[in-house]
Amino acid sequence: MEKINLFCLPFAGGSRYSYRLYEDNVPAFINIIPLEYPGRGTRMREPLMEDIDELLQDLYLQIKDKLDQAEYAIYGHSMGGLMSCLLARRVIEKGRKPPRHLFVTGTTGPSATSRTEKKRHLLGKEAFIEEVRNLNGSPDEILQNDELLSYIEPILRADFKVTENYIHASAESLDIPITVITGTREDMKLEDIQLWQKETKAPVDFRRMPGHHFFIYKYPFEIIQIIAKKLLVHSKS
């Protein structure tokens with residue numbers, strides 16, 4: 001079977017290394033290609049990006065030469081979920097082959113107003129750290145270590161600013177199947193999650209898994225299996 005590329009977009013504060021557990025569980029026919037936002041990981045020396053259009057163009061440049069190499073899908077968690085949808089739109093705007101499938105975890109539909117109600121990037125340090133702690137994604141060892149916190153805080157603030165200042169513009173619906181998985185204990189309304197259906201003419205497969213926002217770390221095998229089964233169905237159709 002021919003390989004399918006799976007472009008993986010990080011969550012806020014994440015990097016290309018955030019999906020290593022996925023890489024450990026991926027079937028042989030899926031080639032995971034993690035993307036990297038500027039200002040962290042392998043691009044640590046580059047300035048952070050706080051403008052969503054600049055970041056979107058950066059992501060497009062990372063994948064544009066790979067779009068014709070093989071069939072592909074896009075996956076993103078949280079911030080990465082929003083950017084995945086916008087990236088698919090950018091690819092189509094450029095007249096390139098669209099992704100076979102979009103996979104999204106841990107976020108509401110792009111048109112949800114709740115996305116921009118919280119301005120976490122503007123909070124004072126103590127309130128900001130408490131918000132990050134409530135996401136259950138950063139160990140207290142990091143949040144209580146001044147040196148580690150001084151590294152991760154500006155990255156998180158920049159990433160939060162990107163999504164919290166995002167203005168949703170009405171656009172023609174995609175014609176791409178989307179799978180959306182959220183945690184049962186995430187702080188988001190069901191109706192906001194279901195807004196993903198507004199983004200595509202194809203039916204959206206909504207699923208739930210036990211846990212908080214970073215449930216993805218508890219179920220990497222199960223998530224990869226869902227992705228693999230979806231891509232196998234498309235390859236046979």
query: Residue-wise, which Karplus ³J(HN,Hα) couplings in Hz belong to the stretch 93-99, taking 6.51 cos²θ - 1.76 cosθ + 1.60, θ = phi - 60°, and x for glycine or proline?
result: 4, 7, x, 9, 4, x, x
field: Filtered GluC sites (Glu not before Pro), the stretch 1-52: DSSP coil and at most 12 other beta carbons within 10 Å
entry: GLU2
- request: Would you work out what percent of the accessible area of the stretch 15-132, with all protein chains in place, is carbon or sulfur (probe 1.4 Å)?
  value: 47 percent
field: Label zone at ARG45, where the point sits 7 Å out along the Cα-to-Cβ direction: the stretch 149-163 residues whose backbone N lies under 20 Å
entry: 151-152, 155
- prompt: What part of the accessible area of the stretch 164-233, given as a whole %, is carbon or sulfur when the probe is 1.4 angstrom?
  reply: 54 percent
statement: Regression test value, accessible area per residue of the chain, probe 1.4 Å, units Å², expected 49 Å²
- line: Residue-ordered couplings for the stretch 61-72, obtained by feeding phi - 60° into the Karplus form 6.51 cos²θ - 1.76 cosθ + 1.60 and rounding to whole Hz (Gly and Pro as x), are 5, 5, 10, 4, 7, 9, 5, 9, 6, 6, 4, 8
field: Using a Förster distance of 35 Å, the FRET efficiency for THR184-LYS3 (Cβ separation, nearest 0.05)
entry: 0.55
field: Which labelled figure in [x] 27, 19, 19; [y] 24, 22, 16; [z] 43, 18, 16 is semi-axes √(5λ) of the Cα gyration tensor in Å, once derived from the coordinates
entry: [x]
task: Evaluate the distance, in nm, between pseudo-label points positioned 7 Å from the Cα of ILE33 and of SER150 along their respective Cα→Cβ axes.
output: 3.8 nm
- prompt: For the chain, modelled as a Gaussian network with Cα springs under 10 Å, which listed residue fluctuates most, LEU35, LEU123, LEU59?
  reply: LEU123
query: Sorted by accessible area (1.4 Å probe), largest first, how do ILE92, ILE224 line up?
result: ILE92, ILE224
statement: If every Lys and Arg gets +1 and every Asp and Glu gets -1 at its Cβ, then about the Cα centre the chain yields a dipole, in debye to the nearest 20, of 760 debye
- prompt: How far is it, in nm, from the label point at ASP205 to the one at GLU191 when both lie 7 Å from their Cα along the line to the Cβ?
  reply: 2.8 nm
- prompt: Taking 0.36 nm per residue of separation and subtracting the Cα-Cα distance, what length does fully extending ASN165 through GLU54 add?
  reply: 38.6 nm
- line: Sorted by chain and number, the residues with a modelled amide H under 5 Å from that of LEU6, at a separation of 5 or more or across chains, are ASN31, ILE32, ILE33, ALA73
- request: Kindly write out, for the stretch 84-89 in residue order, the coupling ³J(HN,Hα) from the Karplus curve 6.51 cos²θ - 1.76 cosθ + 1.60 (θ = phi - 60°), rounded to whole Hz, with x marking Gly and Pro.
  value: 4, 5, 5, 5, 4, 5
statement: Probe 1.4 Å, all chains present, heavy atoms only: ARG16 accessible area in Å², nearest 10, is 80 Å²
Accessible-area value, ARG133, 1.4 Å probe, nucleic acids and ligands omitted, Å²: 80 Å²
- request: Roll a 1.4 Å probe over the protein heavy atoms and report the accessible area of ASP68 in Å², nearest 10.
  value: 110 Å²
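The values are calculated or read from the model by the stated rules, or taken from the named source; none is laboratory data. Since this is a predicted model, take the numbers as computed values, not measurements. Positions of Cβ are generated from backbone atoms using ideal geometry, with glycine treated the same way; all protein chains shown enter the neighbour counts. These area figures cover heavy atoms from the full protein model, side chains too; ligands, DNA and RNA do not enter into them. Shrake-Rupley method; radii C 1.70, N 1.55, O 1.52, S 1.80 Å.
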